[in-house]
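Nothing in this text is a laboratory measurement; each read-out follows from the coordinates by a stated rule. Here the structure is a predicted model, which is why all the values come from computation and not from measurement. All Cβ positions, even for glycine, are placed from backbone atoms using ideal geometry, and neighbour counts span all protein chains on display.
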Amino acid sequence: MERRSSPVRRVALLCTALVLLVGLTGCNGRAPAGRGPVATVEGHEISMDRVQELMDAQVAYINALAKVKTTSVTPERLAEVLTQYKGENEHTLGTAGAAQVLSVLVDVHLFQNLLEKEGEKVTAADRTSAKTALDQQIQQSGVKVTSAMQPLIDTEVERAALLTALRRAKVDPKAREDQLRKIFEANKENFAKACVQQIATSGEAEAKAAANRIKAGEDFVDVANDVSLDKAIAQPGNPQSCVSRGTLAGVFGDDAMTAKTGDLLGPADAQGAWLIVQIWDEQDASFEDARAQLESQVPDQGETAVKELIAKAYATADVDIDRRFGTWNGVTGEVVPPVDPLAAIHQS
């Protein structure tokens with residue numbers, strides 16, 4: 001199973017791309033399929049029956065995936081994954097798979113506790129959204145859902161819905177909007193756009209010669225038709241040729257931040273080609289135009305708060321795992337399978 005780099009990004013057990021294909025490093029030991037509690041989370045018991053139910057559901061999914069003709073997962077890989085869940089007989093099960101299932105169940109109980117402390121509740125809309133997302137993942141895998149898989153689906157939907165509710169409790173949309181607008185206003189010039197026509201040559205000398213011809217009065221497009229590797233990009237009027245000043249500055253330097261319509265920039269080496277550009281239009285930036293870029297580049301303070309909240313819960317929670325099934329790692333927030341597979345073979 002995947003080892004997570006972020007405490008709020010535990011993947012769905014059913015998600016093929018993230019679980020079945022990502023380096024499984026757990027041991028191949030066999031845990032006893034007894035019926036007592038195998039873990040407690042803040043006093044809440046997790047029974048062997050519950051773990052077994054989810055293990056069986058995961059096995060059902062893997063077996064169903066093996067029948068999908070269009071799957072990119074090889075039979076050998078599926079067999080390898082299956083060994084992480086299935087025991088040698090009906091009285092045993094795979095410790096690596098059991099550890100992953102236990103990790104998800106620990107998440108559910110810890111998230112429930114955190115949500116109660118925050119005074120927030122999971123809504124029907126949260127569950128519907130989570131189910132829709134998971135249904136799409138399963139549909140893309142080509143697997144037809146059966147009743148045997150349902151316990152695992154229901155658990156993952158609840159875990160995802162709890163996480164959504166936690167985000168709602170900690171993430172303030174207005175604060176996020178204010179954060180992005182403040183950054184935009186402080187860096188507005190970087191988001192302003194310049195629309196350019198371009199000449200691309202294979203060498204610096206050719207580019208310099210072309211620039212000198214334009215400076216001497218020749219038409220930009222005429223020169224481009226003579227020397228450019230791509231004549232289409234020399235034409236003005238293409239909205240797709242409008243780029244942020246900050247992007248231009250990354251290629252042509254600080255002059256790009258103040259260049260006006262008609263100004264020439266370059267030559268400059270850009271990914272193997274030498275570029276000359278001439279600005280044919282200037283566009284002021286709007287916050288809405290810049291929003292997507294800001295969203296992707298500026299860390300969300302609320303999301304950071306959620307991650308910190310969960311990381312603290314992982315580190316401080318009272319989580320007790322039956323040693324035959326592994327140990328709790330409060331740093332990574334997961335159950336780690338036993339190092340010695342033999343420790344989990346025999347029932348006690």
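For region 90-147, GluC sites (Glu not before Pro) meeting the loop criterion (DSSP other than H, G, I, E, B) and having at most 13 other Cβ atoms within 10 Å: GLU90.
Put simply, the amide H of ILE46, placed in the peptide plane, has neighbours under 5 Å in VAL38, ALA39, THR40, VAL41, leaving out anything fewer than 5 places away on its chain. The angle separating the long axis of helix 48-66 from the principal Cα axis of greatest extent in the chain is about 50 degrees. The value of relative contact order for region 193-283, using C-alpha pairs under 8 Å at least six residues apart, is 44 percent.
Taking the Cα centre of region 193-283 as origin and assigning +1 to Lys and Arg Cβ atoms and -1 to Asp and Glu Cβ atoms, the resulting dipole is close to 140 debye. For THR327, the residues 5 or more places off, or on other chains, whose built amide H falls under 5 Å of its own are VAL336. Per-residue 3J(HN,Hα) values for region 302-309, derived from phi via the Karplus relation 6.51 cos²θ - 1.76 cosθ + 1.60 with θ = phi - 60°, read x, 4, 4, 5, 5, 4, 5, 4 Hz in sequence order (x marks Gly and Pro). Put a plus charge on the Cβ of each Lys and Arg, a minus charge on the Cβ of each Asp and Glu, and nothing anywhere else: the dipole of the chain about its Cα centre is then about 820 debye.
Overall, the anisotropy analysis places region 60-133 in the oblate class: the square-rooted eigenvalues a ≥ b ≥ c of its C-alpha gyration tensor yield a/c not less than 1.5, with a/b not exceeding b/c. Per the Kirkwood formula applied to alpha carbons, the chain shows a radius of gyration over Rh ratio, Rg over Rh, of 1.17. In terms of surrounding Cβ atoms within a 10 Å radius of their Cβ, THR71, THR261 rank from fewest to most as THR261, THR71. Only alpha carbons enter this Debye calculation for region 193-283, each as an equal point scatterer, and the log10 of I(q)/I(0) it gives at q = 0.15, 0.20, 0.24 Å⁻¹ is -0.47, -0.88, -1.29. The angle between the Cα long axis of helix 124-141 and the longest principal axis of the Cα atoms of the chain comes to about 80 degrees, rounded to the nearest 10.
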